[in-house]
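These notes are about the structure you will find just below.
The values are calculated or read from the model by the stated rules, or taken from the named source; none is laboratory data. It should be emphasised that the depicted structure is a prediction, and the values quoted were computed from it without experimental measurement. Every residue, glycine among them, receives a Cβ derived from its backbone with ideal geometry; neighbour counts consider all protein chains shown. The area values use the complete protein model at the heavy-atom level, side chains included, leaving out ligands, DNA and RNA. Shrake-Rupley method; radii C 1.70, N 1.55, O 1.52, S 1.80 Å.
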Amino acid sequence: MIEEPFLLRLILTVLPDLLEEYEAGTHISKVQVYEAFMDHWFDIHAQTIIQKMNELRMYINENKLKRGFERYCNELGFEMFLQKSQVAIDMDYENSGGLQRHKRKKTEKPQKRHDVWERFFDADSLNKLTLRRIGNNQYSFLHKSCQEYCAAHYIINEIISLNDKEKNENENIDINANEYKNKMEYVHNESNNDANVQSQMELQLLNLSLNKKLLNDEDGIVRFIAERVHDNRTTLYSNLKSRLFELIECSRRNKQISIAAANAVTILNVARVPFAYMDWKGVSIEHAILDYAFLEGVDFANANLANVSFVQALLNNCNFQHTNLQGAYFGEYAYFDGHEGNVNGAQFSPDGKMIVSCSQDKTIRLWNVESGQVLKVIEGHASSVNAVQFSSNGKMVVSCSNDTTVKLWDVESGQEMRTFQGHFDCVRGVSFSPDGNTIVSCSNDKTIRFWEVDSGKEIKVITSHQSSVNAVQFSPNGKIIASCYDDDVIRTWDVKSGRQIQRFQGHTNMVRAIQFSPDGRMLASCSHDNTVRLWNTMSGRQIQRFNGHSDHVNGLHFSRDGETIVSCSKDKTIRFWDVASGRQLNKLEGHLYKINQVQFSPDDRTVLSCSFDKTIRLWDAHVDYNSELGKFEGHLNVINCVQFSPDGKYIASSSLDKTVRLWSVTSAQEIASFSGHLENITGVQFSPNSKYIVSWSNDETIGLWQVYFNRVQSIGKLKGHSKPINEVHFSSNSRFVISCSDDKSIILWDILSLEQVIKFEGHSNWVNGVQFSPDGCLIVSCSNDKSIRIWHVKSGKLLHTLNGHTNTVNKVQFSPDAKFIVSCSLDKSICVWDAASYKQLAVLEGHTSSINSVQFSPDCKSIISCSDDQTIRLWDASTFQLLHVLQGHSDKVNCVRFSPEGNTIASCSSDKTIRLWDLTSLRCIWQIGVQYSGLSMLRSTWSGATGLTPNQIMLVAQRGGVL
């Protein structure tokens, strides 16, 4: 707000109206805010003009005047987009004295750029009063975002109502929606179309504003249009989504509307409209942005996908046969695969042509960057190699190992040149001096040692440490070294004297890595406290703290200009940070396990990373940090629970990111997000009467929330458990909830009084699951003690104990008709029990890992289960046979739930996504969130595709595509 005074003005202007129109807690979109502001702005000017006209006893229609302002601003906003200018020029302006009017001579050749503005500055027009005058003859909107809003609505109005000539002369907008629909029927049924109508309509499509210029650099315009796609407050935009899809379809026959089609794809993707299993054979969508898109099963056969961007898109089961992929962009490259153990370190050569890596497999490998091929495998260390670095001239490599040695290698021959011995414990880090004459190493033996490269002699030892030294690095001038430790401290030392210069304190856990800025004035560090920090080298003062990683930060590196830092983490992400502001610029995902090291290439064009997944990866660092097109976060961490609302219209989800979110089942859009727990939220559930939501957490509390239309309000918290809570369940009358915990207890609560009613005790270990019977008279629970227990609600008595699982029982549930009990376990099995006799009826086996969730369908005919094996399985509840296996998640599936009708299921996963599945087609309808595994191409087909580079062909093969 401080940096953007206009935005503060905007909010203060519209806030009273918004508060009057919407209840507190209601989600209000950006487009709604700007709609209110622009209406207010037009109203101010309309009132001013009307007042003056009244003084002259002249009447003017207020609504007509405001509509004129709106049309004028929309058209001007779009023209500014076309001209790439935020300033419009009035060439026929009055001079400062107001006595003369400048007139262009007939012989004077006008400048083309100025001509485009002439129609906006008619001498008698009042419309320009809505603009901001910034010079004698220059005008602009109040803010760039206002221009973007107007340009967006110029495009929208044209899309939803193709111009009718007769109405165009009067209003410039509106065509009968049914007429348009009738004219566009050829999109869906070509055989029944009249050729003349088709020709006429396609001619109009050619002239659409959306077909004039790509919107790829116009985040603001695209966002405004995308928000209107889901605007259901009025029927005005109800057909916007279908019209955009029609434009894509039309590009099959008329390649000249490919710009409009590409823009339509980009807008729909930003709006998060599901694309799964679309038939896009033969479409022409050059330059479309499909970053982070969920494209599972889309048929792109024979399509023109030249220069389309697929950064971190999910392309599983897609058909790319005979497509044109010239210039297609995936944002990453084929990874380097060859190490047999975790890759601990990797670094570019000074010329950027080679990479050196080291691994727990005891080897060092040299790679060709362009081909991805291994040049040499260097062996010699007797244990895990922890770090490796090129010399400044690229001719030597130094390495260190758990075998307590430091070794020097010749790059050309791969031969060992020298071994430096002196450390008596694991050597954790090693670094060349800038001149290449000295090596410094650090160790778990709490020492830093300096070595002379030529002779191999130990020059100096620094021993004044209280803990293991994790990393060490020379400053750019070679006069200082920095080191970091398990004791959370960073120190700098004078190389010549060995004296400590500065001590840096602030991290709250072990510091894993450090690096000097290119000019040596700053020092960056990363830690197991999940932060990256920036320090003044001389004073030791902390300059910046970068927050965003959700787990240990293991590596970092400065860009060549020192303006950007890249970091990597155990959370499997790579993040880019702006040094000056501390703002996160971008996030990359794709590694399957923790990332150990990250580095910019010498030219800053790519980023190198290595991981415990045994791979080395290259990423394009030249992303548009300011662009938000296609980005969609969803939950920021593992999603552990999903549940349908009783009416099936919404899905609630909970996550380790400490939030609960509500999603629309039809649109997959986020309706609300709320938090209140101090630690990870482990589950969420709707009450049967839809009035309440409960959430539970590792903070030992249960949150109770009142549900309103598109908003949620906290009622209070239930406190009584002494350890993390594992499950909460509503009674059928929504009056009570039952909860279970790691404290081995089960508690019954009255949600009206927020008081504890009764406590059930008897399990000898953590209680993982608890459920009411359908009539609310019984409770069933399961535990790490391998047992299932049945309790009487009113008396609190234990009625029966079921034994059959051989390991922890994760979840248990009554069938909707109360005739059966179903349970799932860490032993990889599902047990079905008779609820009357308590006899075990069947054991369902097939999952290959722990089963996390199990549920009967509403009609009791099916059972659904999910597992750490990344699959969802559907079973016949009468024969107990496996019916189907659903695959798509890239990590553990933590929860799966039937919809109230039983025709769809929702699932959530540690891959940070939620999926909605159709049980008729057995296909995924939509996915919320972006899988941390990043770009995925499993089972996609690419035969006959043209334009892929050799590296992209390797990338497709590595990601599971079939060439």
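Where in the stretch 766-809 are the strands (runs of 3 or more DSSP E), entirely inside, with at least 2 residues that are open to solvent by less than 10 Å² (accessible area, probe 1.4 Å) and within 24 Å of Phe736 (Cα to Cα)?
Numbers: elements: 767-772, 778-783, 787-792, 798-803.
So the answer is 767-772, 778-783, 787-792.
Considering only residues in the stretch 892-931 that are without any contact (Cβ under 8 Å) to a residue 60 or more places away in the chain and more than 18 Å from Ser862 (Cβ to Cβ), the one that is surrounded by the most Cβ atoms within 10 Å (Cβ to Cβ) turns out to be Asp911.
Scanning the stretch 907-926 for residues that are of a type in the set (A, V, I, L, M) and part of a strand (DSSP E or B) gives Ile914, Leu916, Ile925. Quick one: is Ile289 among the aliphatic types (A, V, I, L, M) and open to solvent by 10 Å² or more (accessible area, probe 1.4 Å)? Here the answer is yes, as Ile289 does meet what is asked. If we scan the stretch 924-936, do we find a residue that is at pLDDT 95 or above and small (Gly, Ala, Ser)? No. Residues in the stretch 56-74 that are over 12 Å from Asp39 (Cα atoms) and of a type in the set (Phe, Trp, Tyr): Tyr59, Tyr72.
Scan the stretch 55-66 and report the pairs whose first residue is assigned by the TED database to the domain that holds Asp43 and whose second residue is charged (D, E, K, R) and open to solvent by less than 60 Å² (accessible area, probe 1.4 Å), with Cβ atoms within less than 7 Å and a gap of 6+ or a chain change. Qualifying pairs under 7 Å: Lys66/Asp43. In the stretch 364-383, the qualifying residues are those that are more than 15 Å from Leu408 (Cβ to Cβ) and among the aliphatic types (A, V, I, L, M), and the one that is nearest to the chain's Cα centre (by Cα) is Val369. Consider the stretch 927-962 and keep the residues that are within 15 Å of the chain's Cα centre (by Cα) and assigned to a strand (DSSP E or B). The one that is nearest to Val311 (Cα to Cα) is Ser936.
Rundown of residues vs (1) surrounded by fewer than 23 Cβ atoms within 10 Å (Cβ to Cβ); (2) in the same structural domain as Arg418 (by the TED database); (3) more than 30 Å from Glu416 (Cα to Cα), yes/no style:
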position	(1), (2), (3)
Ser455	yes, yes, no
Val461	yes, yes, no
Val472	no, yes, no
Ile480	yes, yes, no
Cys484	no, yes, no
Gly498	yes, yes, no
Val511	no, yes, yes
Asp519	yes, yes, yes
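Among the numbered conditions (1) among the basic types (Lys, Arg); (2) more than 17 Å from Asn319 (Cα to Cα); (3) over 27 Å from the mean Cα position of the chain (by Cα); (4) not in a helix (DSSP H, G or I), the only one that Arg272 does not meet is (3).
Based on this model, can you work out whether Gln813 counts as open to solvent by 10 Å² or more (accessible area, probe 1.4 Å), touching a strand residue (DSSP E or B) at 6+ places or on another chain (Cβ under 6 Å), under 25 Å from Thr682 (Cβ atoms) and in contact (Cβ under 8 Å) with a residue 12 or more places away in the chain? Here the answer is yes, as Gln813 does meet what is asked. At least 3 residues being crowded, with 21+ Cβ neighbours inside 10 Å is the threshold, and among the strands (runs of 3 or more DSSP E) wholly inside the stretch 630-716 those reaching it are 639-644, 650-655, 660-664, 681-686, 692-697, 701-708.
The condition of being small (Gly, Ala, Ser), in the same structural domain as Arg897 (by the TED database) and open to solvent by 50 Å² or more (accessible area, probe 1.4 Å) holds for Ala836. Of the residues contained in the stretch 249-263, none is found to be farther than 22 Å from Leu203 by Cβ and outside any strand (DSSP E or B). Scanning the stretch 734-755 for any residue that is open to solvent by 40 Å² or more (accessible area, probe 1.4 Å), aliphatic (A, V, I, L, M), under 30 Å from Ala672 (Cα atoms) and in a loop (DSSP other than H, G, I, E, B) turns up at least one such residue.
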